[in-house]
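Chemist: Below is one structure. I have some questions about it.
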Amino acid sequence: MLEKTRQTVSFIQDKFDFAPEVGIILGTGLGGLVNEIKIQHTLDYEEIPNFPVSTVEGHHGRLIFGELGGKNIVAMQGRFHYYEGYTMMEVTFPVRVMKYLGIKNLLVSNASGGVNPDFEIGDLMIINDHINLIPNPLIGVHDNNFGARFPDMSEPYDKILIARAQEIAKKNHIKTQVGCYVATTGPTFETPKEYEYFRVIGGDTVGMSTTPEVIVARQMGIPCFAISIITDLGVPGKIVEITHEEVQKVAAKAETKMTLIMKELISQL
Ligand code: HPA
């Protein structure tokens, strides 16, 4: 995998001279952040050797290189999910590439269903821990070039970044929750009992992404920050039918708030 990573990194570096400091995965709710980036280069995933190609509706596939909040960033517009049929190695490959391109921090967004009864639809939750129920992306042949065989996970999400994001939110009168994200394979949304189960085991929200990328980033020592939009509730008595379209609609409404927090956080890095 090191060989593949190096090949992809060389391909990108041969195309243009650009050194990103920050990696961003533009998940649900961060689509608008693209408009804030002073774009210098883009590469469609199809053009990049060894990159998988995104298939899910509402996720476009390209890497964006540019400036945001005074920093050189590389952003993934469109991510890969396990439920699309990719291997966990494919899902997380872009994060390894971003590391070898030089990123020092990884910022991620997603959409999720709230299982904490105090949460409301449209809330933002800063993720401070996760429970990964998707197969672990580090299963397989180990390569020390990417980090430890048994990586520490005592601080999956960087405490300083969390504190800064909370300050930014407070200053801008944006309500945020903080909590634990449970990652499942999907693609089904949860049954009522599954939502209950995720609450019982310690989750505040449940979604289908993010933990693979964060696990791989943490193995490589990259501090991570992730924020989630609560697009629906898996709380007894409040469970309603949910569709992908509804998730996108609620996420779009919260986009401005999430964009502001991310942009400000990047400028403080
Ligand atoms: N469950 C899983 N993934 C999700 C949900 C949910 O309720 N909402 C948005 N993504």
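Chemist: Could you tell me what percent of the DSSP beta bridges with both partners in the chain are antiparallel, to the nearest 5?
Modeler: If we restrict to bridges inside the chain, about 40 percent are antiparallel.
Chemist: With every protein chain left in place, what is the accessible area per residue of segment 2-267 in square angstrom, probe 1.4 Å?
Modeler: Accessible area per residue: 43 Å².
Chemist: How charged is the neighbourhood of Arg62? Take every other residue with its Cβ under 14 Å from the Cβ of Arg62, and add Lys/Arg as +1 and Asp/Glu as -1.
Modeler: My count for the surroundings of Arg62 gives -1.
Chemist: Quickly work out the Thr191-to-Met1 label distance, labels modelled 7 Å from Cα along the C-beta direction, and quote it in nm with one decimal.
Modeler: Each label point lies 7 Å from its Cα, and together they span 3.3 nm.
Chemist: A follow-up question, please. If you count the DSSP beta bridges with both ends in segment 99-215, what percent of them are antiparallel, to the nearest 5?
Modeler: Roughly 15 percent of the DSSP beta bridges within segment 99-215 come out antiparallel.
Chemist: Which net charge results when you count Lys and Arg as +1 and Asp and Glu as -1 among the other residues whose beta-carbon is under 13 Å from that of Lys4?
Modeler: Once all neighbours under 13 Å are counted, the net charge is -1.
Chemist: Compute the distance in nm between two label points, each set 7 Å from the Cα along the Cα-to-Cβ direction, one at Ile201 and one at Gln268.
Modeler: Each label point lies 7 Å from its Cα, and together they span 3.2 nm.
Chemist: Report the net charge of residues surrounding Lys38, where surrounding means a beta-carbon distance below 13 angstrom and charges are Lys +1, Arg +1, Asp -1, Glu -1.
Modeler: 0
Chemist: Report, by chain and number, residues whose modeled amide H sits under 5 Å from the one on Leu233, excluding near sequence neighbours (fewer than 5 apart, same chain).
Modeler: Gly114, Val240
Chemist: With label points built 7 Å along Cα→Cβ from the Cα atoms of Gln13 and Thr243, find their separation and express it in nm.
Modeler: 4.8 nm
Chemist: Mind checking which of Val250, Pro94, Leu260 is farthest towards the positive end of the chain's charge dipole, using Cβ charges of +1 (Lys, Arg) and -1 (Asp, Glu) about the Cα centre?
Modeler: Of the listed residues, the answer is Leu260.
Chemist: From the residues Met76, His173, Ile131, which one has its Cα farthest along the dipole of segment 2-267 in the positive direction, the dipole being from +1 and -1 charges on Cβ of Lys/Arg and Asp/Glu about the Cα centre?
Modeler: Value: His173.
Chemist: Here is a follow-up. Choose one answer from Ile48, Ile127, Ile160: the residue with the largest mean-square fluctuation in a GNM of the chain with alpha-carbon springs under 10 Å.
Modeler: Most flexible of the set in this elastic network: Ile160.
Chemist: First compute the accessible area of segment 31-166 with a 1.4 Å probe, then give the percent of it belonging to carbon and sulfur atoms.
Modeler: Reported share for carbon and sulfur atoms: 49 percent.
Chemist: Select from Asp158, Asp14, Asp44 the residue whose mean-square fluctuation is largest in a Gaussian network model of the chain (Cα-Cα springs shorter than 10 Å).
Modeler: It is Asp14.
Chemist: Assigning unit charges at the beta carbon (Lys, Arg +1; Asp, Glu -1) and nothing else, what dipole magnitude in debye, to the nearest 20, does segment 2-267 show about its Cα centre?
Modeler: Dipole size: approximately 640 debye.
Chemist: Using modelled amide H (1.01 Å from N, peptide plane; none on Pro or chain starts), what sits under 5 Å from the amide H of Gly27, excluding residues fewer than 5 places away?
Modeler: So Gly27 has HN proximity to Ser109.
Chemist: I need the phi-derived Karplus couplings for segment 178-185: 6.51 cos²θ - 1.76 cosθ + 1.60, θ = phi - 60°, integer Hz, Gly and Pro marked x.
Modeler: 10, x, 9, 9, 9, 9, 10, 5
Chemist: Who wins for biggest fluctuation among Phe189, Phe150, Phe198 in a Gaussian network model of the chain, springs between alpha carbons below 10 Å?
Modeler: Residue with maximal mean-square fluctuation among Phe189, Phe150, Phe198: Phe150.
The values are calculated or read from the model by the stated rules, or taken from the named source; none is laboratory data. All values derive from a computational prediction rather than experimental measurement. Counting neighbours? That spans all protein chains shown, and the Cβs are built from the backbone with ideal geometry, glycine included. For accessibility, only protein heavy atoms count, side chains too; no ligands or nucleic acids. Shrake-Rupley method; radii C 1.70, N 1.55, O 1.52, S 1.80 Å.
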